[in-house]
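Bear in mind these aren't lab numbers, they're just calculated from the coordinates by the rules spelled out. Here the structure is a predicted model, which means the values were calculated and not measured. Note that we place each Cβ from the backbone using ideal geometry, even for glycine, and neighbour counts take in every protein chain shown.
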Amino acid sequence: MAGETRYGIDIRRAVPADAADSARLLGELGYPMTAREAAERLERSLRQADGTVLVATDWDGSVIGLVAVQWCAMLQQPHPVARIQTMVVDAAQARRGIGRVLVKAAAQAARTAGCDVLELTTGLQREAAHAFYRAIGFSETAKRFSRSLRKRNP
């Protein structure tokens, strides 16, 4: 789906020039960063062969959404599993179908990579996102736990 236009929205692979818009969007999601930090992270992600970052652009070329998806082999699965790491749509552009188009593009990229499953994680507090994911066919299948690997200061 990358490179297609739907609902007046273009989906394409992210490029380093998208860093400032990526920083703005990720800040809306609660992950503040500078454009330089976003550029470093975006460039690192774009170099990896096991995933992709796609952006949604409006008619004027402005970035109004992004999705980062990564795939990996898992011992318990016969085919790689894709995971949406990050997805965000500009709050001012909500309810235009941008999230649906981004998920569809991520799913297509995952299928092309040989994946049979697309999964994602989302913060417990993001209840509107949970409703959206259920509405587009995701089901709650697991509970995720995490732990910091950084040493604690005494």
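Put in line by how crowded their Cβ is, counting other Cβ atoms within 10 Å and starting with the fewest, MET87, MET33 read MET33, MET87. Scanning the chain for DSSP H helices at least 15 Å long along the axis (C-alpha atoms) with a Kyte-Doolittle mean no lower than -1.0 picks out 98-112.
Each Lys and Arg contributes +1 and each Asp and Glu -1, all at the Cβ; summed about the Cα centre of the chain, the dipole is approximately 600 debye. Restricting the trypsin sites (Lys or Arg not before Pro) of the range 23-101 to loop positions (DSSP other than H, G, I, E, B) with no more than 11 neighbouring Cβ atoms within 10 Å leaves ARG95. Relative contact order, whole percent, for the chain stands at 19, derived from Cα pairs under 8 Å and 6 or more residues apart. Relative to the current alpha-carbon distance between ALA131 and SER146, full extension at 0.36 nm per residue lengthens the span by 3.1 nm.
Each of SER62, SER146 was scored by other Cβ atoms within 10 Å of its Cβ. Arranged with the fewest first, they read SER146, SER62.
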